[in-house]
1. Of the numbered conditions (1) assigned to a helix (DSSP H, G or I); (2) of a type outside the set (Phe, Trp, Tyr); (3) buried (at least 20 other Cβ atoms within 10 Å of the Cβ), ILE135 fails exactly one; give the number of that condition.
2. Check every one of the helices (runs of 4 or more DSSP H) wholly within segment 284-363 and list those with 1 or more residues that are within 29 Å of TYR268 (Cα to Cα) and not aromatic (Phe, Trp, Tyr).
3. Can you pull out the residues in segment 274-294 that are in contact with a Phe, Trp or Tyr (Cβ under 8 Å, 6 or more places away or on another chain) and within 18 Å of ALA147 (Cβ to Cβ)?
4. Please verify whether ARG178 is out of contact with any Cys (no Cβ under 6 Å at 6 or more places or on another chain), part of a helix (DSSP H, G or I), under 22 Å from ARG121 (Cβ atoms) and of a type in the set (D, E, K, R), treating the condition exactly as stated.
5. Looking at GLY173, GLY161, GLY106, can you tell me which residue is more than 16 Å from the ligand (Cβ to nearest atom), within 28 Å of GLU236 (Cβ to Cβ), of a type outside the set (S, T, N, Q) and in contact (Cβ under 8 Å) with a residue 60 or more places away in the chain?
6. In this structure, is LYS205 farther than 22 Å from HIS293 by Cβ, among the charged types (D, E, K, R) and either surrounded by fewer than 14 Cβ atoms within 10 Å (Cβ to Cβ) or within 26 Å of the chain's Cα centre (by Cα) (or both)?
7. Taking the conditions exactly as written (surrounded by fewer than 17 Cβ atoms within 10 Å (Cβ to Cβ) and within 10 Å of the ligand (Cβ to nearest atom)), does GLU87 satisfy them or not?
8. Does PRO335 meet the test of being within 30 Å of ASN99 (Cβ to Cβ), at pLDDT 95 or above and more than 16 Å from the ligand (Cβ to nearest atom)?
Amino acid sequence: MKLKGSIIMEQKPKGTYDLLPNETIKYQALEEQIRELMKIYGYFEIRTPIFEHSSVFHRKTELSDMVTKETYNFKDKGDRDLTLRPEGTAGVIRAYVENKLYANQGLTKLYYLGPNFRYERPQKGRFRQFYQFGIEAIGVKSSSLDAEVIALSYKLIRSLGLKQVKIKVNSLGDIASRNTYKEKLSTYFEPYKEDLCEDCQRRIKENPIRILDCKIDRDKPFIQKAATPYDFLSVEAKQYFDEVLSYLDSMGIDYAVDKKLVRGLDYYGHTVFEVEANIKGFGAQNVLGGGGHYEHLVSELGGPDLDGVGIAFGMERLMMALDSENIELYDEVNPDFFIITFDKTIHQKALGLLTKLRDYGFKGDIDHEAKSFKGQLKLAVNSKAKYFIIIGEEEVEQGLFTVKDSITQTQEKVTLEALLKKLGK
Ligand code: AMP
């Protein structure tokens, strides 16, 4: 809240932003491209509530900062514990289970697009309300499916025209691999306990993998030197991962194995991946999207023991990447016409024409303030309309319209039929 004289001027909450029309249009174009791609890959949109029962996110096994520290929790008037969704996957899985989508077929392919909320420290590319586009392929455990989700991410990046983007993949292995890895990590970190932040001290026992991507500690040299999950893959997990990589190769996907990659959520197992922007000056928040395979999320949320794989992209970060690479996805479309009248008495007639032209699907406008001819002309010029349609008494009498081409500056009197033809009908 800001004081302007004695008047209070409201301001948006910290970490949020207004999307004004000239920006919204860019997001719409991005969304359209995404939706087209979803059709090609056979994903269908799901829209789940923005808030869920807190238990959907606050699960015993989920100890990530995002869930334990950054959620917006509140009680409603019925004393229910609710949480604004901090991410898309858990809500989608809740809906998948509740609506028994698993009963229909082996594989369910869903996508979502909408706002998420995290109480984070805002900075470039990091907000408290941000938009994600994400996909979930649920019901099947398959290295081929994991590879397809990565391939889809690659396709998205390429079809948007982004070039300076890298796909990183890794495997966290199966439960057996992760348990061995966790044990080794706990032993490794124990002597460094004093050098770790308070949360990470706790994590040594509870979940040492989280130490590797702790925002406070992750760049410390001894963390950099810690063993990687890749080093502890069981034979089966290694084979699964090798299959994923060979499928990626056969699909011609450009990727790099990053043995250190772990993802910020605890439900991942086996394949994990990130899409990273390597654009100069992009800033620290350069992960455009991240995802992976999950083995027990469906059963944790009350469903059958089924796997899933998914990825979520930050829409703001995709937009930042497009801007950084000077890519425009939309063509600015100017209106077809602007109607100008010589005096107020003709306004009624002009409104009739306006309605008719709009009914035909032409884009255009009129002045609603009874401005002078000069004033209307200014509006017409500012609107960037292709044709200015001028109506005076003479035109009304003759049943004609004066049409001025704003580009060639030529002008002629035409019938309605000829006008429609000119506009493109
Ligand atoms: P996550 O759900 O944390 O795996 O994040 C997936 C993607 O969402 C990230 O790669 C970012 O592009 C985006 N993202 C996550 N948190 C934020 C945030 N606070 N502000 C903007 N984008 C975010």
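The values are calculated or read from the model by the stated rules, or taken from the named source; none is laboratory data. The model shown is predicted, which means the values in this text are computed figures rather than measured ones. Quick reminder, even Gly has a Cβ in these numbers, built from the backbone with ideal geometry, and neighbours come from all protein chains shown.
1. ILE135 satisfies every listed condition except (1).
2. Filter on segment 284-363 gives 297-300, 315-324.
3. Those that are in contact with a Phe, Trp or Tyr (Cβ under 8 Å, 6 or more places away or on another chain) and within 18 Å of ALA147 (Cβ to Cβ): VAL275, GLY289, GLY290, GLY291, GLY292, HIS293, TYR294.
4. It is false that ARG178 is out of contact with any Cys (no Cβ under 6 Å at 6 or more places or on another chain), part of a helix (DSSP H, G or I), under 22 Å from ARG121 (Cβ atoms) and of a type in the set (D, E, K, R).
5. Working: GLY161 fails: within 28 Å of GLU236 (Cβ to Cβ); GLY106 fails: in contact (Cβ under 8 Å) with a residue 60 or more places away in the chain.
One residue alone meets the criteria, GLY173.
6. yes
7. Taking the combined requirement at face value, the residue does not satisfy it.
8. no
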